[in-house]
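The values are calculated or read from the model by the stated rules, or taken from the named source; none is laboratory data. None of these values were measured; they are calculated from a predicted model. Neighbour counts are summed over all protein chains in view; Cβ atoms, including those assigned to glycine, are modelled from backbone coordinates with ideal geometry. All accessible areas refer to the heavy atoms of the entire protein, side chains included, with ligands and DNA or RNA removed. Shrake-Rupley method; radii C 1.70, N 1.55, O 1.52, S 1.80 Å.
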Amino acid sequence: MSPSIKVFAPATVANVVCGYDVLGFAVNAPGDEVVMTRKDAPGVLISKITGDDGRLPLDPNKNTVSASVQHYLEHIGRQDIGVTIELHKKMPIGSGLGSSSASTVAGLFAINNLMGNPLTNKELVPFAMKGEELACGYGHADNVAPALLGGFVLIRSYEPLDVISLPSPEGMYAAIVYPEVDVPTKDARQMIRTKVLLKEAVTQWGNVGGLVSGLFLKDYDLIGRSMVDVLVEPTRSILIPEFYKMRALAMENGAIGFGISGSGPSVFALTRDEATARNITNALQQLLKSININSLAYVSPVNQAGPVILD
Ligand code: HSE
């Protein structure tokens, strides 16, 4: 029988409010699964996609998983290898939870494993960024890097790429709510101002430094004070129903900080424990229900493992 592998890769919360394109963390659930099987003939094929309501391309050049796997095989000089890929979407698309990133990372982790792990997870980041480029027009790394490495990650620089793993305070939880309205990352990126005032930049990089320090110091108050975004949130929050009411509710219910997950529409809060996270998701879901918006909720500690082999 041909060698086959089944991999899970986690969803991620990019930006962590103040760190547009430079900060992100992974959660245990949701996430996507990929089953990859070696075939005799060369080439990368997508044999099946489930859970996407027919929204994702089966064309191997257009699908982020197959395209990044092809790119990886070219890089390691193994275009003689052939694989078929089944992608099982276990999370909403266009949710701001790193959906394309979870799929791509699962695919890259699977092929690297089938090849005997010639690259480390960190070395897979640039290949996963290619997938993001295909998905939304820009190869940002703040979803793929935490999905590959687990934990909190800082992209200190894109040119050259410099990816730093940060500590996660033990016991910290994420409360995530996805209001079921569609916000494609591509559109949510195009609406952002490309010029910022120096005064705003000063506020922003102060907060990025504060958040990183807070993670090292395990200082929840500092983390919370730093979860402020004066550059992107004021624009993107317009796309999210009752964003400011949700923030007020989350903070009243004990959140350390609250904001948009990635490009939205999901929102998230960081909390000191699981019970607080559950209270927050309940409160936010009730609010959304009162305005007739369906939602999904996820409560998870910060994921430390990144992608894992299943079965
Ligand atoms: N940093 C990216 C953005 C994350 O905010 O557009 C997308 O999930």
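Looking only at residues that are assigned to a loop (DSSP other than H, G, I, E, B) and farther than 21 Å from A128 by Cβ in region 1-48, which one is nearest to the chain's Cα centre (by Cα)?
Within region 1-48, the subset assigned to a loop (DSSP other than H, G, I, E, B) is 1-3, 15-22, 40-42.
Filter once more, keeping what is farther than 21 Å from A128 by Cβ: 1-3, 17-18, 40-42.
Numbers: M1: 34, S2: 31, P3: 29, V17: 13, C18: 15, D40: 34, A41: 33, P42: 31 Å.
Among those residues, the one meeting the criterion is V17.
Can you name the residue in region 113-137 that is over 16 Å from A102 (Cα atoms) and of a type outside the set (A, V, I, L, M) and, of all such residues, is farthest from the ligand (Cβ to nearest atom)? Step through it out loud before you land on a result.
Going residue by residue through region 113-137, those that are over 16 Å from A102 (Cα atoms) are 113-120, 123, 137.
Subset that is of a type outside the set (A, V, I, L, M): 113, 116-118, 120, 123, 137.
Details: N113: 26, G116: 32, N117: 27, P118: 28, T120: 23, E123: 21, G137: 10 Å.
Only one residue fits best here, namely G116.
Considering only region 82-159, give the helices (runs of 4 or more DSSP H) lying wholly within it that have at least 1 residues that are surrounded by fewer than 23 Cβ atoms within 10 Å (Cβ to Cβ) and at pLDDT 95 or above.
Hits in region 82-159: 99-114, 121-136.
Just to be sure I understand the filter: pairs with C-beta atoms under 6 Å, separated by 6 or more residues or on different chains, first member in region 232-253 and closer than 12 Å to I280 by Cα, second member among the polar types (S, T, N, Q) and assigned to a helix (DSSP H, G or I). Which pairs pass?
Close Cβ pairs (under 6 Å, with a partner that is among the polar types (S, T, N, Q) and assigned to a helix (DSSP H, G or I)) amount to N253/N279.
Has region 236-251 got at least one residue that is within 16 Å of the ligand (Cβ to nearest atom) and open to solvent by 60 Å² or more (accessible area, probe 1.4 Å)?
Yes.
Test each condition in (1) basic (K, R); (2) over 29 Å from K289 (Cα atoms); (3) buried (at least 20 other Cβ atoms within 10 Å of the Cβ) for R193 and report the one that comes out false.
Status for R193: all satisfied but (3).
Could you grab me the full set of residues in region 211-230 that are over 20 Å from Y173 (Cβ atoms) and crowded, with 17+ Cβ neighbours inside 10 Å?
V228, D229
Could you please find all residues in region 228-279 being in contact with a Gly (Cβ under 6 Å, 6 or more places away or on another chain) and among the hydroxyl-bearing types (S, T, Y)?
Listed by number, the residues that qualify are S261, S263, S266, T276.
Every residue in region 175-214 that is of a type in the set (A, V, I, L, M, F, W, C), away from the ligand (no atom under 13 Å from the Cβ) and touching a helix residue (DSSP H, G or I) at 6+ places or on another chain (Cβ under 7 Å), please.
A175, V177, L211
What pairs come out if I take residues in region 134-147 that are among the β-branched types (V, I, T) and pair them with residues that are assigned to a helix (DSSP H, G or I) and within 10 Å of the ligand (Cβ to nearest atom) whose C-beta lies under 7 Å away, six or more apart or interchain?
Partner pairs satisfying both residue conditions: V144/S101; V144/E132.
List the number of the failed condition for T37; all other conditions in (1) within 26 Å of R189 (Cβ to Cβ); (2) away from the ligand (no atom under 16 Å from the Cβ); (3) touching a residue at least 12 places away in the same chain (Cβ under 8 Å); (4) not acidic (D, E) hold.
Unmet for T37, out of (1) within 26 Å of R189 (Cβ to Cβ); (2) away from the ligand (no atom under 16 Å from the Cβ); (3) touching a residue at least 12 places away in the same chain (Cβ under 8 Å); (4) not acidic (D, E): (1).
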